[in-house]
Amino acid sequence: MLATAVVDLNVLIDLWYIQAITLLPSIVQAETLDIVLDECDKAKNPGLRCQCAAASIRKVTAEPSWLAQGLQLRTAQLSVVDAVLLYYAQIKQRMLLTSERPLRKEARSRNIHVHGTLWVLQQFQRGNFVNTKELCRWLDVLEQSGRYLPRDPITAMKKQWNCQ
């Protein structure tokens, strides 16, 4: 059985750039909060919300009490949405998929299982859901799009996958 993961907007945007949102449910039971999807409308990524729905990423409606609890977790580095995601992952015992360093750090400090976009790509490769040539192309697309991803792990992945 696949682990259930709550997905942050930055991972969804990364997967949108490489047109891989539909693959996410092959590695996790994916869900996201409605307040994350509301951020999609502000992002400049047309069709992102529709792709999430097409991929059967479950939309969870944030309860008012989660917002109140999330506000207590908010820091200078965490937005309100980040804090609510953190709270939700903690109370529902969900894996958290985010590429935001402050959110990942806070999640780890609370013993929440957390991963980012590069982990997602590695899982696609390990499960043979996509070939390494396509993964290499995706890494190039993400780099060219200006998405922030750590350079050293990308270099290691490109070497491992024999990217040109």
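Quick note: the coordinates plus some simple rules give every number you see, no bench work behind them. Here the structure is a predicted model, which means the values were calculated and not measured. Note that we place each Cβ from the backbone using ideal geometry, even for glycine, and neighbour counts take in every protein chain shown.
Key figures
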item	result
Nitroxide proxy distance, nm - points 7 Å out along Cα→Cβ at Gln90 and Lys44	3.5
Under-5 Å amide H pairs with Leu33, H placed in peptide plane, nonlocal only	Val7, Val60
Only Lys, Arg (+1) and Asp, Glu (-1) charged, at Cβ; the chain dipole about Cα centre in debye	400
Tilt relative to the chain, helix 117-126 - C-alpha long axis, 0 to 90 degrees, to 10	50
Charge sum, other residues only, whose C-beta stays under 13 Å from Glu106's C-beta, Lys/Arg counted +1 and Asp/Glu -1	+3
Protection proxy ranking, peptides 132-143, 79-90, average beta carbon neighbours within 10 Å, highest first	79-90, 132-143
Mean Cβ count within 10 Å, highest first, over the residues of peptides 5-13, 58-66	5-13, 58-66
Relative pair counts by distance (%), Cα atoms of segment 1-113, 10 Å bins	15, 50, 32, 4
Helix 132-144 vs. the chain, principal-axis angle (Cα, 0 to 90°, nearest 10)	60
Relative contact order [Cα under 8 Å, 6+ residues apart], segment 4-118, whole percent	29
Between helix 80-92 and the chain: long-axis angle, C-alpha atoms, 0 to 90°, nearest 10	90
Phi-based couplings in Hz for segment 149-164 (Karplus 6.51, -1.76, 1.60; Gly and Pro marked x)	9, x, 5, 4, x, 5, 4, 5, 5, 4, 5, 4, 8, 6, 6, 8
Potential extension, Met1-Ala156 segment - 0.36 nm per residue separation minus Cα distance	52.9 nm
Theoretical ellipticity at 222 nm over the chain - DSSP helices of four or more residues, -39500 (n - 2.57) apiece, nearest 500	-16000 deg cm²/dmol
